[in-house]
Amino acid sequence: MEKVNLQLIEQHPELGTVWDELDKVGVIAPELADQPEGLKLTLLPFQREGLAWMRKQENTQFKGGILADEMGMGKTIQMISLLLAEPGKPNLIVAPTVAIVQWRNEIQEHAPSLKVLIFHGSNRTESMSELMKQDVVLTTYSIIEAGYRKQKYGVRKKDVTVKEDSLLHRINWHRIVLDEAHNIKERSCNTARSAFALQSDRKWSLSGTPMQNRVGELYSLIRFMQADPFGYYYCKKCPCKSLHWKYSNMKDCDDCGHRPMDHSCWWNNEILKPIQHFGSQGSGEKAFTKLRKLLDRIMLRRTKVERADDLGLPPRKMTVSRYLFNEEEEDLYESLFSDTKRKFSTYVEQGTVLNNYANIFELLTKMRQMVDHPDLVLKKVKPGQIGLPETLVCSICQEEAEDPIVSKCHHLFCREDADQYITSSSIEAPECPVCHIPLSIDLEQPTYVKDETEADEEIRHKTFARTSIVNRINMDTWRSSTKIEALVEHLYKLQREDRSTKSICFSQFVTFLDLIKWRLEKAGFKCVKLDGHMTPFQRDASIKKFSNDPTVTVFLISLKAGGVALNLTAASRVFICDPWWNPAAELQAMDRIHRIGQYRPIVITRLIIENSIESRILQLQEKKQAMVDSTIGKDPGALARLTPEDLRFLFVN
Ligand SMILES: [Zn+2]
Ligand SMILES: [Zn+2]
Ligand SMILES: [Zn+2]
Ligand SMILES: [Zn+2]
């Protein structure tokens, strides 16, 4: 690395003084901006600080930055305040599909003077001047990705490939904002490339995840900002410098003719590699200091704890409700559990626990489903089942796939399941659960569509409209489960205490939510549901119904629906129907109601069946948390990972 650096500095002398120059720039001091004219909501003090910081930041060499406040602190409203400053110029906001309607609603409510348009869906405008007339254009990552792909690689139409211009990429925007910016964390995936190709002077990223732990992912945001020199590639043999890695003939650089290996990404060399090789020691420590220096000048992050006085959030309480199986459930569960134990101890004897991770993960999923309701295991949907020609079944949960993605080996998974399967594995590339070769899958790829020419989201959602389990099985003879009845009891009790209390129920399994919904409606509760098969407008309609209709008191949400941006402060109760060993996912769920706008005390209840995989998962969570708390140099991945010892803890008694 040292050698590479010397070579680089010889060709590019300015690289020798980057960090000294940065010292001279200094850090922006906190200051309060005035409440913006035209904003119908009073900003909190730390939000006015954020606004002042963003305005100044746009006048630095970086012309933008990263607003990384913790989730629920109003990054959206701070950004809207910034947009209000100069109306009449088009800004582009790119957000996950779940969030764009919410952005529009917040703009219309709090800044009604801004003209806003959603660029999404099959009947979206094709007129550039229409877009230029707006103050804000809202779109999704899949739209910019598809637009970029069609422009760059073309679309096949009746045996010819036609390249189509991408409207969003032709406009020179006043400002671009990436919401939930970790969507572009893979620098080489098409989503990231499509964001890099957008044109604008000012560029912002919004993200609630603490970036300093994810040095590799941070590069994409730096590259998006076109921060000089941090986002650039440099040639070691000549003054060639570029934001792009371009080798049209696969052999040498389009600009200077030198080979790919003569070029070096400055970020990798200066920050990423030293940290990967040396951690927080020696060269790694130096790289961390440099990183800190840079982040101080481009990123602002505040946490709820730091700004608790400003926020005035009500207290929140977490409880666990424990239940025992009834006899029939216990029999079914025990037979599955002893089967699982037997298989697991065979793997242990053969020393093949890690090789059989796919089988083990499947057994674990089955046991978790069995605890919720035996039908989730015994009444599974089959691929292409009669009457359901479009059924695409996930190879992990064996349910109809939610937000489906496809591996290199052409197997299909729910995005969330694939993510959890990989992050929980303690080996680098766990095998594909179907074909057993190492699983290679792009977790950021757009949702899978059967017909590539119809890569439009509206159509995707139509293709994947799913059938509830209650339409497949005979509900006349159906029996509820301990878990479902426990939830019903809780909700009855709440209703007796205060009819206006609203609750959210989270589960990993959509089929379970189907059963819950059927049972709750029988019991007289009005519910709405949100899962990964709904269009943004269907989601918005559900959220509005829940927030505004006093008779709707229960919201059923699939943890796989990707609802990061949901703002559901109408609810003050949360039920987590099935626990997960990684508490981070659960914390995220809670953050959706413990945020600005929440005035009632919050209670979060985890429903747990004793003497089952669930009570063990809970114990494992506590054990892991204690371990992580005591470790210096915390490893954020450790909580999500399942080591062979963890598996033994879950399966052996
Ligand atoms: Zn060169
Ligand atoms: Zn070159
Ligand atoms: Zn799945
Ligand atoms: Zn496979």
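The values are calculated or read from the model by the stated rules, or taken from the named source; none is laboratory data. Fair warning: this is a prediction, and the values are worked out from it, not measured in the lab. Neighbour counts are summed over all protein chains in view; Cβ atoms, including those assigned to glycine, are modelled from backbone coordinates with ideal geometry. When the accessible area is computed, the model is the full protein with side chains, heavy atoms only, and any ligands, DNA or RNA have been set aside. Shrake-Rupley method; radii C 1.70, N 1.55, O 1.52, S 1.80 Å.
Return the total of residues in segment 356-374 being in contact with a Phe, Trp or Tyr (Cβ under 9 Å, 6 or more places away or on another chain) and farther than 14 Å from Ser424 by Cα.
9
Being among the acidic types (Asp, Glu) and over 23 Å from Ala227 (Cβ atoms) is true for just one of Glu285, Glu306. Which residue is that?
Working: Glu285 fails: over 23 Å from Ala227 (Cβ atoms).
So the residue among Glu285, Glu306 that is among the acidic types (Asp, Glu) and over 23 Å from Ala227 (Cβ atoms) is Glu306.
Just to be sure I understand, how many residues within segment 195-245 are within 16 Å of ligand 2 (Cβ to nearest atom) and surrounded by fewer than 18 Cβ atoms within 10 Å (Cβ to Cβ)?
Restricting attention to segment 195-245, the residues satisfying the condition of being within 16 Å of ligand 2 (Cβ to nearest atom) are 229, 231-245.
Retained after the next criterion (residues that are surrounded by fewer than 18 Cβ atoms within 10 Å (Cβ to Cβ)): 229, 237-239, 242-245.
Looking only at that region, the number is 8.
Take the residues in segment 252-284 that are assigned to a helix (DSSP H, G or I) and among the hydrophobic types (A, V, I, L, M, F, W, C); name whichever of them is nearest to ligand 2 (Cβ to nearest atom). Even if it seems obvious, please write down each step before you answer.
Taking segment 252-284 as the starting set, the residues that turn out to be assigned to a helix (DSSP H, G or I) are 260-262, 266-278, 283-284.
Then drop every residue that is not among the hydrophobic types (A, V, I, L, M, F, W, C), which leaves 261, 266-267, 271-272, 275, 278.
Details: Met261: 11, Trp266: 13, Trp267: 17, Ile271: 21, Leu272: 20, Ile275: 26, Phe278: 29 Å.
My answer is Met261.
Here is a check on your reading of the model: is Cys505 touching a residue at least 24 places away in the same chain (Cβ under 8 Å) and open to solvent by less than 10 Å² (accessible area, probe 1.4 Å)? Spell out how you get there, then give the answer.
Values: touching a residue at least 24 places away in the same chain (Cβ under 8 Å): yes; open to solvent by less than 10 Å² (accessible area, probe 1.4 Å): yes.
Spelling it out, Cys505 is indeed touching a residue at least 24 places away in the same chain (Cβ under 8 Å) and open to solvent by less than 10 Å² (accessible area, probe 1.4 Å).
Quickly run through segment 588-619 and pick out the residues that are without any contact (Cβ under 8 Å) to a residue 60 or more places away in the chain and basic (Lys, Arg).
Once the filter is applied, which keeps residues that are without any contact (Cβ under 8 Å) to a residue 60 or more places away in the chain and basic (Lys, Arg), segment 588-619 yields only Arg616.
Only residues that are within 9 Å of ligand 1 (Cβ to nearest atom) and part of a loop (DSSP other than H, G, I, E, B): list them for segment 209-251, please.
Residues satisfying the conditions are Lys236, Lys237, Cys238, Pro239, Cys240.
So, His258, is that one buried (at least 18 other Cβ atoms within 10 Å of the Cβ) and either within 16 Å of ligand 1 (Cβ to nearest atom) or not assigned by TED's automatic domain parsing to the domain that holds Gly72 (or both) or not? Reasoning before the result, please.
On the way: buried (at least 18 other Cβ atoms within 10 Å of the Cβ): no; either within 16 Å of ligand 1 (Cβ to nearest atom) or not assigned by TED's automatic domain parsing to the domain that holds Gly72 (or both): yes.
Answer is no for this residue.
List the number of the failed condition for Lys241; all other conditions in (1) touching a helix residue (DSSP H, G or I) at 6+ places or on another chain (Cβ under 7 Å); (2) at pLDDT 85 or above hold.
Condition (1) is where Lys241 drops out.
Those residues that are acidic (Asp, Glu) and under 17 Å from the mean Cα position of the chain (by Cα), I need them from segment 201-242; list them, please. Break it down stepwise before answering.
Within segment 201-242, the first condition is being acidic (Asp, Glu), and the residues that meet it are 201, 217, 228.
Hit for segment 201-242 is Glu217, nothing else.
Which one of these does Asn611 not meet: (1) at pLDDT below 90; (2) in a loop (DSSP other than H, G, I, E, B); (3) within 30 Å of Thr365 (Cβ to Cβ); (4) more than 23 Å from the chain's Cα centre (by Cα)?
(1)
Can you tell me how many residues within segment 285-312 are among the aromatic types (Phe, Trp, Tyr) and surrounded by fewer than 16 Cβ atoms within 10 Å (Cβ to Cβ)? It would help to see each step written out before you state the result.
Initial filter on segment 285-312 (among the aromatic types (Phe, Trp, Tyr)): 288.
Now restrict to residues that are surrounded by fewer than 16 Cβ atoms within 10 Å (Cβ to Cβ): none.
Residues that pass the stated criteria total 0.
Can you tell me how many residues within segment 455-497 are of a type in the set (D, E, K, R), modelled with pLDDT under 90 and not in a helix (DSSP H, G or I)?
Of the residues in that region, 4 qualify.
What number of residues in segment 392-438 are away from ligand 4 (no atom under 14 Å from the Cβ) and within 14 Å of Tyr357 (Cα to Cα)?
Of the residues in that region, 7 qualify.
Looking only at segment 285-309, count every residue that is in a helix (DSSP H, G or I) and modelled with pLDDT of 85 or more and tell me the total. Don't jump to the end; show me each part of the working.
Keep residues of segment 285-309 that are in a helix (DSSP H, G or I), which gives 285-298, 308-309.
Then drop every residue that is not modelled with pLDDT of 85 or more, which leaves 285-298.
Residues flagged as in a helix (DSSP H, G or I) and modelled with pLDDT of 85 or more within segment 285-309 amount to 14.
Return a yes/no flag: does segment 81-103 have any residue that is open to solvent by 30 Å² or more (accessible area, probe 1.4 Å) and without any contact (Cβ under 8 Å) to a residue 24 or more places away in the chain.
no
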